[in-house]
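Please treat every number below as a calculation from the coordinates, not as lab data. Keep in mind that this is a model prediction, so the values were computed, not measured. Because the Cβ atoms are built from the backbone with ideal geometry, glycine has one as well, and the counts that use them run over all protein chains shown.
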Amino acid sequence: MKRLSDIGTIRDILSRHGFTFSKALGQNFLVNPSVCPRMAEASGASAGVGVLEIGPGIGVLTNELCQLADKVVAVELDKRLLPVLDETLAEYDNVKIIRADVLELDLNRLIAEEFPGLRVVVCANLPYYITSPVIMKLLEDRLPVQAITVMVQKEAAQRICAPVGSRESGAVTVSVNYYAEPHLLFGVSAGSFMPAPKVDSAVIRLEVLPQPPVQCSEAAFFRVVKAAFLQRRKVIANSLSAGLGLDKAAVADLLTRAGVPQNARAEQLTLDDFASIANQLTGGQHE
Ligand code: SAM
């Protein structure tokens, strides 16, 4: 079979199927032959492993995953790609394509049904218009997966993988670190895609933690994080007062009890700081 990541082969397949790219669905397909094997390898796809892929496109990455893993289940929203995938994945009997919007799927159920007895990882070149919602769904749904290896915009990768408490950190950094340990693996230039997007990309790997690194009410933790970063340049006392709808005196008392300086900024706080504030907010109740 011809190399699927070869640009000539891809053009030929797409033109035979009369396929036109949908910008709205974030369709930038990988055409750099070195990226998919590297990404598939980094994802942990191997014997005894089931891989959940999101957005297989024409199946370039899927192809690599099928060669390494016991089983691959790929969720694709665009039904025009189904006949293309039938052709490009014809040689594999360990792959299943599910036509659905990943944000609407019950992924815990899918994993239980499709991967019994297998260790599970996620590997995807994500549609960038839904990067954060997809990553947060994968983490919040508490899926029984070991790691999530995804291609995202370079800026999103840097933000997610920034150290918590650093200038580059944001709400997404703190949120991801509540569930996982993020690692920035390697950059991918815009020219590696067809059509080429305006921005560069990067592959990140999220090692899913068995439990959160801090103990507090999850709901309160995320309420505090959201409120704190709503006005990230303001001091924490002001952003929490606005974001939590509490008066200044109540917030001052909350921060004192949590041991967090009134004039700190959200980006300077650690996970423990956010958890302490959450604990003071709920009186130590963890549910
Ligand atoms: N994996 C392919 C590659 O690397 O060449 C394609 C990646 S492309 C950036 C994103 C893919 O996600 C497209 O195939 C697009 O149709 C699909 N997609 C977009 N929104 C989706 C959604 N909500 N659920 C599932 N797939 C989606």
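Distances between placed amide hydrogens fall under 5 Å for residue 120 paired with 50, 146, all partners being 5 or more residues away or on another chain. Gyration tensor analysis over the Cα atoms of region 218-282 returns equivalent ellipsoid semi-axes of 14, 13, 12 Å (largest first, whole Å). Taking the Cα atoms only, what angle lies between the long axis of helix 248-258 and the longest principal axis of the chain, rounded to 10 degrees? Its long axis makes an angle of about 80 degrees.
For the chain, the number of Lys pairs with C-alpha atoms closer than 16 Å, counting only pairs eight or more positions apart or on separate chains, is 7. At full extension, residue 20 and residue 79 could sit 20.0 nm farther apart than now, given 0.36 nm per residue minus the alpha carbon distance. Potential lengthening of the chain between residue 183 and residue 47 amounts to 46.6 nm, from the contour at 0.36 nm per residue minus the alpha-carbon distance.
Each label point was placed 7 Å from the Cα along the Cα-to-Cβ direction; for residue 199 and residue 136 their separation is 1.6 nm. Cα-based values for region 7-208, radius of gyration first and Dmax second, are 16.0, 51 Å.
Relative contact order for region 7-208 using alpha-carbon pairs under 8 Å, separation at least 6, rounded to a whole percent? Walk me through the numbers on the way to the answer.
Values: 359 pairs, mean separation 41.7, N = 202.
With pairs under 8 Å counted, the relative contact order is 21 percent.
Taking only the C-alpha atoms of region 84-162, the Rg (one decimal) and the largest Cα-Cα distance, Dmax (whole number), read 14.1, 41 Å. Look at where the Cα atoms of region 133-192 and of region 39-63 average out, and the two centres are 18 Å apart. Please compute the Kirkwood hydrodynamic radius of region 2-93 from all pairs of different C-alpha atoms, in Å with one decimal. Computed over region 2-93, the radius equals 13.5 Å. Taken about its Cα centre, the chain carries a charge dipole of roughly 880 debye when the Cβ of each Lys and Arg holds +1 and the Cβ of each Asp and Glu holds -1. Helix 218-230 and the longest principal axis of the Cα set of the chain meet at an angle near 90°.
Rounded to the nearest 20, the Cβ-based charge dipole of region 218-282 about its Cα centre (Lys and Arg +1, Asp and Glu -1) stands at 260 debye. Helix 131-140 versus the longest principal axis of the chain: what is the Cα-based angle in degrees, 0 to 90, to the nearest 10? Between the helix axis and the principal axis of the chain, the angle is about 70 degrees. Dipole orientation for the chain: of the candidates 231, 195, 138, 231 has the Cα lying most toward the positive pole (charges on Cβ; Lys, Arg +1; Asp, Glu -1).
Couplings for region 174-179, taken from phi via the Karplus curve 6.51 cos²θ - 1.76 cosθ + 1.60 with θ = phi - 60°, read 5, 4, 5, 5, 5, 10 Hz in order; Gly and Pro are left as x. In terms of surrounding Cβ atoms within a 10 Å radius of their Cβ, 6, 200 rank from fewest to most as 6, 200. Taking amide H positions as modeled 1.01 Å from N, with prolines and chain starts lacking one, no residue 5 or more places away or on another chain lies under 5 Å from residue 19.
The H on the amide N of residue 98, modeled in the peptide plane, is under 5 Å from the matching H of 74, 75, 76, each at least 5 residues off or on a different chain.
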